[in-house]
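To start, the structure under review is shown below, and the notes come after it.
The values are calculated or read from the model by the stated rules, or taken from the named source; none is laboratory data. Being a predicted model, the structure only gives us computed values, none of them experimental. Because the Cβ atoms are built from the backbone with ideal geometry, glycine has one as well, and the counts that use them run over all protein chains shown.
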Amino acid sequence: MIPVVLYLAVAAIIFSIGLYGLMTQRSGIRILMCVELMLNAANLNLVAFSSYHDDLTGQVFALFSIALAACEAAIGFAILMALYRMKDTISLDNINVLRW
Amino acid sequence: MMPILSMIVLIPLIFAALALFTKTKEQARVIALAGTVIVLLLTVYMYFNFDSTIADNQFEELAQWVPSLGITYHLGVDGIAMPLILLNAIVLPFLVLFTWNDDRKSPNKFYACILATEGAVIGVFTALDFFLFYIFWELTLVPLFFMVSIWGGPNKHKAAIKFFIYTHVASLVMLLGIFGLYFAAWDMTGTPTLDIPTLISQFQFIESGAAKDMIFLALLFGFIVKIPSFPFHSWQPDAYTEAPTAGSVLFVMLKIGGYGLFKVMLPMLPFTASPNLMITIMAALGSVSVLYGAFLALSQKDLKRMVAYSSVSHMGYVTLGAAGLVSLSVSGAMFQQFSHGLIMSVMFMSCGIIKNTTGTRIINDLGGLAQKMPKLAVIMVMTFMASLGLPGLSGFIAEVSVLAGSFGNLPSYVLIAVSAIVITAAYHLWALQRAMFGVYNEKLGTVVDIDTFQTVSMGVIAILVLYFGLNPSPVLDMMLTNSDNIVSLMAAMGV
Amino acid sequence: MIMMSMDIEAIIYNPLLRGILGLCIMGAVFGGACVAVWFERKLSADVQQRYGPMRVGPHGLLQLVADAIKLFTKEDIIPKNADKLLFVSAPILLMGSVFLMLVAMPFGAIIVDGQSYVIAATEMDISILYIEAMSAISIIGIFMVAYSANNKFSVLGAFRNFARMIGYEVPLGICIVSVAIMAGSLNIVEIAEAQSPLWFIIMQPLGAIVFFIALMADMGRLPFDQNESEEELIAGWMTEYTSMRFGYCFFAEYIHLILGSMLVVLLFLGGWNLPAFLTDITILGIILPTAFFLLKVALVILFIIMIRWAVPRYRIDQVVDLSWKKLLPLSLLNLGWVIGLGLLGVY
Amino acid sequence: MDMMLLAPEITMAVTGLAVLLIGLFLPTDSKKILGYLASLGVLVALGLTISSLGTEALLFYNTVSIDALSQFFKIVFLVVALLFSIAGIKYTEGHSHTEEFFTLGLFGTIGMMFVASANDLMVLFVAFELASLATYALAGFEKKNIKSLEAAMKYFIIGSLSAALMLLGISYVYGATGTTSIPEIAANSAVLVSSPIGLVSVVLLLAGFGFKIALVPFHMWAPDTYQGSPSVVSALLAAGSKKMGIVAALKVFVVALIALKADWQIAFAILAVITMTYGNVVALRQTSVKRMLAYSSLAQAGYITMAFVVLTPLALGGGIFYALSHGFMKAGAFIATAAVTYMVLSENKDSADPDHIENFRGLGKRMPITALCMTIFVFALAGIPLTAGFMSKFVLFSSTIEAGFVWLAVIAILNSAISLGYYAKIVKYMYFLPTDGEKISEPFPYTIALIIAAIGVLAIGFWSQPFVHWAMEAASVLLTGGM
Amino acid sequence: MSGIIDISNIANSYIPVAIILIVALVMPPMTMLIIKLLSPRSKSSAKYTTYEAGSLPIGNARIQFNVEYYLYAIAFVLFDIEVLFLYPWTTIFKGHDITGVATVEMLIFIFVVLFGYVYLIKKEALKWMK
């Protein structure tokens, strides 16, 4: 049996990579990928805990969150496409009509 | 029995809403006059049914509003509130008459503001529930803010904002005090209530002395800014000066600060942890206001601004009298509020007329107006004399009672105030002399005397000044009843 | 008797032995793929009334060996514009995909004393899901091949591959779900064994047809080989590959073909199920189910190869239209049919 | 299991699907009926919710609980959805994607409603995401408007980040306690207290919900999104979506993680103070009304967050009550800007800043009803007496003092004094600055929505007893740890 | 059964998977190494250019393609995920104590998804060339 801590460590690393990417990347597609990475890291956690507790809740939860991640990607991609049609770029640096 | 208090509060508000929907000046002023006259009639009716020999609240109305928070709809008047309601009810019809022929933009909103202020101010005087009290308290802000910022002078925006922020912050601090009182009482009794008499009576049972002082000071701050008293007076000259004449008069009618002092502060005073300190604070603020206001008035070039500072000075007597803690001084202070309201409204009306006819209010640019405007001159001289405290006019009675009454307890502060009398006389007379008498300043062009409406409105109020100067008892009696009540309470506590 | 079954179980449930079994199967599949290549060439030739490979060995049987030697001795070229890391690792991914599919795939069963022992490297409760997932990985491999090569034909082929995949995956999945409902399990072995009286092709013919068509698209067989349609795209996504690198891509396709055919047999054509009187005899029980199973697989492969010469290739938009507008509703219809049968208590 | 208790949600879902389906078969110029259909559906759902008041039940294996809290917030969301759909009738006029607009709005509302009744973190998360996804799409509804798209993109990125953080936090909570049921987490929270995982999950969940509630420093998206989105959508975002974050945080922190109070209480205190101060100060110098409202929305969220610090029944009730009033006020204010935007765009199609405050000049003359309602809303937001805003501030601030957090109350009160500065500015532009614009006829649906909201604001402010009582009941559900 | 690793245990059933995976990962590089030894090598720059039917390659192939089917891609992701929810349900369709509820719920689910399908068709999202 692989100790649950290892799964947690992997998940934490993946999550951190995703977070780092989200902060540093400017391309819309890459940001989408980073978001997926973070969600999947959390899913990994859920499944690992599910097996650790011998309880199915975590797996079901992961199933739902996978579905949600897919929907999220779909919507993100749709917004990105619309942006691309307007501005001919997917770099978020060029999206600055509204001031922070 | 008809809910007369609700009526005198709501009728001006309803008429204000009606006035908003009128299209022309003619309709608006008729509605305004109708509203104020109805209130006057109701108030007079109420006055004659008022028992001035008891200090209790009368004409009480009580209804549950938000029981889970202890909020009620509780109205009632006592001898402190009654004269002030009377003051408002008397002056405002004449104020409407005074503005009868004026031309100004959006008259419908103008008259709506006048009526809304009347309703809100009377609401403060009648509210016996802190929630209601606070609502009306805040409600007075809105029409006055508009009054200044729409129809005001050149610096109207600055003045309006200054007025708004000052008084709003003060009322928020007051709200904190109310909350403190509310929860302290809630903790003790287990039931929430915002009823003013109940909370005041429960104040003494609060255990923590520091909490008591904090609550007291928070409330005091809220009232003192509204009075206004030194050192929180700086909004007042700006607002009074920049406001249109009617606005200034409405500000003068705004006696809610002093009312709070008598109604809420004094009954609570003996139960604070250090009553003597509180008395000292109030006395010091009052007496310094008297002197400081007088000095500043002396140095003013603008007639209206001078009147505004004289108001600071006069309202100092209210604070000082309240701190005097003798029946005479307290009732004198109450009477000072009443008489000051009458006097100042005429003075501001005069300033407004001078500005309108001559185009300036700078005292040095005026001169010899009495030749061209004899009717104005008569009324003005009379009110200026009342203001500086000439015997036989209402100001004298008030100031003398305050000074004489307070002397026993607060001799040093009274001496400060007394020293101001000379200055008061000086600036009043000097201004009168330069503006009204002497050689007519030809640069002013042709001026005409006040018209009938103005004469009637100013004249009636001036006559009232004289009447109450000669026979103050119609209002002073009920004030005395209440101040006796307060003072006996103090005496029982050994203050 | 109990002792004996204990021994058998000890052998069967030893994971290391299973691993070795898996490696054997892997070799067998490789061999099978070689045979399939030869088979296809000969059969295609027959359909077109030619001979096909004849020179090397009898009926060109040794052509395979010759081809293997050729692949091993060709120069390995990596174009200078290529992304080297991806270029090198793409075949690994492709092979990984098919081999991992193969791990959970049963290759028949041995029936002793009425107890059946499945020949498979491993058994999982969700093996059908696992197989589908592993099969989907190959798409990424294909895109890696094309993208790394930096060749326009390749990239175009890979994009077509994606377009096709996103069409057929959904009906394929729904058909598998319908089968799984009927069997009440996601374990492919249990699904195969659930067909012992009636094959699922009889219970849900519509599902079988949809599944078969979608599977053809999955395997990239004609009429669905838009990703490497030789007439327009040279060799499609594999254009820049040479030597054994090409060989791996090529083999992956054929292994996919075999495994796909096995899926058809397992899901719809009854797997290795035989009437009990046949398997009661020990020796027949050991041989017959597996043989029968492999025979069916061979027939399916034959059928798939024959289709190649019967139907012209679809255009890519037609494929997408077919899968979205026909296969998807049909598969849902089939799902409804299965649910209806279930509610009526037919199975 | 009584499915009737889910009747409001079912009604909403059926309406949403019906709108979608009918809209597909209608030509663009007759799609107006969809808005009426959606409003009707919301109204029916609202009626059903009100008629089921007072019932308590657990559905779907204890994952959904119907209680006073959930019904309170469901009504908040339904009211916002009602305003949204009524105003949407005008907004989508002549738009070919009308059916998507209403369907997304209705589905988003269903998500919010399920967050309100979630008794399990799984339901909570899924519903939370349902609402978020619908609102992402709505924020970018104007596909040809770069501002709208930018708003949607920023909202989307930050929203997904918050979802990821939240999910990770939930996974740790699940890992430590072995359950996702909110009451059971509360029962098993001893594990969380004793291990660092508790702190980690609190931080993650705080960040996750903080993004949704738009607490400083998690607020970066809010001003941009509220400004860029169509005003009607901003109304849904500010009034609905934000409340959803609050009710979710209430459930997660106050019920499930109450044992970790020591960890998050002070964090909430700091966030509340920073948020309200930052929101009010920055709002002072905004020239776009929508952006100003967005910052004011930050400030209001800061006030509501005080409930998490104080944690007395009165404070929680105050916070919940504030959420109700804020729903009316903010939705109304944004719909008023929608009406102004409509006015500006009908005069000049290419106007770059239809929400600039200059466009509010003389609104009192040009659109008297809109201006009057807007005045009521901004006065309510500023906390002028006799409005819902005052009443809720009264309850919330007073409870803060009661619990001894006088410093917090003082900061909040000073803040609400500051806020008057910019609210008064709007009123000044509407009534006191001259304009040469013509009086225009006010679009009927906007006016109806505005009047409903204004009546709500005044009714809650004046006749507050039932609402306060009801909010207290909802708060008591929180404090008894759900069911 | 001491000493025997039970393959019915989930973790152990993946041991053969690991073995095969290692082989699959190692095999192609190994063969490529062998080929390096066996195959001829001749350096010529033309050999290493990208093949474009004989002509000189133009530009980079890694450009952004104008993908007509991004809408399909989105729809695919969503429908595929929908199938994901069907899988767990398959095992409880028969003879489980929540079969009835689960079937009703799943039918509602499929019904809602069909709505999405009708929507896609009607919006012409599934049309290759618009």
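Considering the range D:409-435 alone, what residues qualify as being at the interface with another protein chain (Cβ under 9 Å from one of its Cβ atoms) and in a loop (DSSP other than H, G, I, E, B)?
D:Phe432
Condition first: more than 9 Å from chain E (Cβ to nearest Cβ) and more than 18 Å from the chain's Cα centre (by Cα). Now tell me which residues in the range C:109-128 satisfy that.
C:Ala109, C:Ile110, C:Ile111, C:Val112, C:Asp113, C:Gly114, C:Gln115, C:Ser116, C:Tyr117, C:Val118
Quick one: how many residues across the range B:433-444 are surrounded by fewer than 19 Cβ atoms within 10 Å (Cβ to Cβ) and either acidic (Asp, Glu) or within 10 Å of B:Val381 (Cβ to Cβ) (or both)?
So the count comes out to 2.
Considering each of B:Phe98, B:Phe110, B:Phe130 in turn, give the residue that is under 18 Å from B:Leu199 (Cβ atoms), among the hydrophobic types (A, V, I, L, M, F, W, C) and either at pLDDT 85 or above or buried (at least 20 other Cβ atoms within 10 Å of the Cβ) (or both).
B:Phe130
Have a look at B:Tyr47, B:Tyr73 and point out the one that is at negative phi, in a helix (DSSP H, G or I) and of a type in the set (Phe, Trp, Tyr).
Exactly one of B:Tyr47, B:Tyr73 is at negative phi, in a helix (DSSP H, G or I) and of a type in the set (Phe, Trp, Tyr), namely B:Tyr47.
Can you pull out every residue in the range D:160-190 that is at the interface with chain A (Cβ under 8 Å from one of its Cβ atoms), touching a residue at least 12 places away in the same chain (Cβ under 8 Å) and farther than 13 Å from D:Ser201 by Cα?
D:Leu161, D:Ala163, D:Thr180
Restricting attention to the range D:399-408, and to residues there that are touching a residue at least 60 places away in the same chain (Cβ under 8 Å) and assigned to a helix (DSSP H, G or I), which single residue is surrounded by the fewest Cβ atoms within 10 Å (Cβ to Cβ)?
The qualifying residue surrounded by the fewest Cβ atoms within 10 Å (Cβ to Cβ) is D:Leu408.
Consider B:Phe179 carefully, then state whether it is at the interface with chain D (Cβ under 9 Å from one of its Cβ atoms) and of a type in the set (A, V, I, L, M, F, W, C).
So B:Phe179 fits the description; yes.
Could you tell me which residue of the range D:437-471 is surrounded by the most Cβ atoms within 10 Å (Cβ to Cβ), considering only residues that are assigned to a loop (DSSP other than H, G, I, E, B) and in contact (Cβ under 8 Å) with a residue 60 or more places away in the chain?
D:Ser464
Going by what's in this entry, would D:Leu167 be described as in a helix (DSSP H, G or I) and within 30 Å of A:Met86 (Cβ to Cβ)?
No, not satisfied.
Is it fair to say B:Met334 is out of contact with any Lys or Arg (no Cβ under 6 Å at 6 or more places or on another chain), assigned to a helix (DSSP H, G or I) and under 30 Å from B:Asn485 (Cα atoms)?
Yes.
Every residue, every condition in (1) closer than 30 Å to E:Ile121 by Cβ; (2) at pLDDT below 70; (3) within 7 Å of another protein chain (Cβ to nearest Cβ), yes or no:
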site	(1), (2), (3)
E:Lys43	no, no, no
E:Gln64	yes, yes, no
E:Glu68	yes, yes, no
E:Tyr72	yes, no, yes
E:Tyr87	yes, no, yes
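Which of the numbered conditions does C:Phe277 fail, given that it passes all the others? Conditions: (1) within 18 Å of C:Ala192 (Cα to Cα); (2) at pLDDT below 85.
Here C:Phe277 clears every test but (1).
Quick check on my filter: what residues within the range C:80-108 are farther than 17 Å from C:Ile142 by Cα, surrounded by 17 or more Cβ atoms within 10 Å (Cβ to Cβ) and either hydrophobic (A, V, I, L, M, F, W, C) or within 9 Å of chain E (Cβ to nearest Cβ) (or both)?
Listed by number, the residues that qualify are C:Asn81, C:Leu102, C:Val103, C:Ala104, C:Met105, C:Phe107.
When you look at B:Val465, is it part of a helix (DSSP H, G or I) and either touching a Ser or Thr at 6+ places or on another chain (Cβ under 9 Å) or surrounded by fewer than 15 Cβ atoms within 10 Å (Cβ to Cβ) (or both), yes or no?
Spelling it out, B:Val465 is indeed part of a helix (DSSP H, G or I) and either touching a Ser or Thr at 6+ places or on another chain (Cβ under 9 Å) or surrounded by fewer than 15 Cβ atoms within 10 Å (Cβ to Cβ) (or both).
Might you check whether a residue that is modelled with pLDDT of 85 or more, surrounded by 20 or more Cβ atoms within 10 Å (Cβ to Cβ) and within 13 Å of chain D (Cβ to nearest Cβ) occurs anywhere in the range B:226-233?
The answer is no; no qualifying residue exists.
Taking the range D:447-470 on its own, how many of its residues are more than 10 Å from chain B (Cβ to nearest Cβ) and farther than 19 Å from D:Leu381 by Cβ?
2
Within the range C:308-324, track down each residue that is loosely packed, with under 15 Cβ neighbours inside 10 Å and either in a helix (DSSP H, G or I) or polar (S, T, N, Q) (or both).
Selection gives C:Gln318 alone.
Enumerate the helices (runs of 4 or more DSSP H) found wholly within the range B:203-262, keeping only those where 1 or more residues are at negative phi and without any contact (Cβ under 8 Å) to a residue 60 or more places away in the chain.
Ranges flagged: B:209-226, B:256-260.
Could you list all residues from the range D:40-76 that are within 25 Å of D:Tyr342 (Cβ to Cβ) and hydrophobic (A, V, I, L, M, F, W, C)?
Within the range D:40-76, D:Leu40, D:Val42, D:Leu43 meet the criteria.
Are any residues in the range C:186-208 in contact (Cβ under 8 Å) with a residue 12 or more places away in the chain and over 17 Å from C:Trp272 (Cα atoms), and if so, which ones?
C:Leu186, C:Met203, C:Gln204, C:Leu206, C:Gly207, C:Ala208
Checking C:Ile131 against (1) touching a Ser or Thr at 6+ places or on another chain (Cβ under 9 Å); (2) farther than 20 Å from C:Asp83 by Cα; (3) at pLDDT 85 or above; (4) more than 9 Å from chain E (Cβ to nearest Cβ), only one condition comes out false. Which one?
(1)
For the range C:157-182, name all the residues that are over 17 Å from the mean Cα position of the chain (by Cα) and either within 8 Å of chain E (Cβ to nearest Cβ) or part of a loop (DSSP other than H, G, I, E, B) (or both).
C:Phe159, C:Phe162, C:Ala163, C:Ile166, C:Gly167, C:Val170, C:Ile174, C:Val177, C:Ala180, C:Ile181
Only one residue in C:Leu215, C:Leu222 is within 21 Å of C:Val319 (Cα to Cα), assigned to a loop (DSSP other than H, G, I, E, B) and either under 18 Å from the mean Cα position of the chain (by Cα) or among the β-branched types (Val, Ile, Thr) (or both). Which one?
Criteria check complete, one pass: C:Leu222.
In the range D:36-54, how many residues are modelled with pLDDT of 90 or more and either under 22 Å from the mean Cα position of the chain (by Cα) or under 22 Å from D:Ala127 (Cβ atoms) (or both)?
The qualifying residues number 13.
Which helices (runs of 4 or more DSSP H) does the range D:203-301 wholly contain that include 2 or more residues that are within 14 Å of another protein chain (Cβ to nearest Cβ) and at pLDDT 90 or above?
Those helices (runs of 4 or more DSSP H) span D:221-228, D:231-235, D:261-284.
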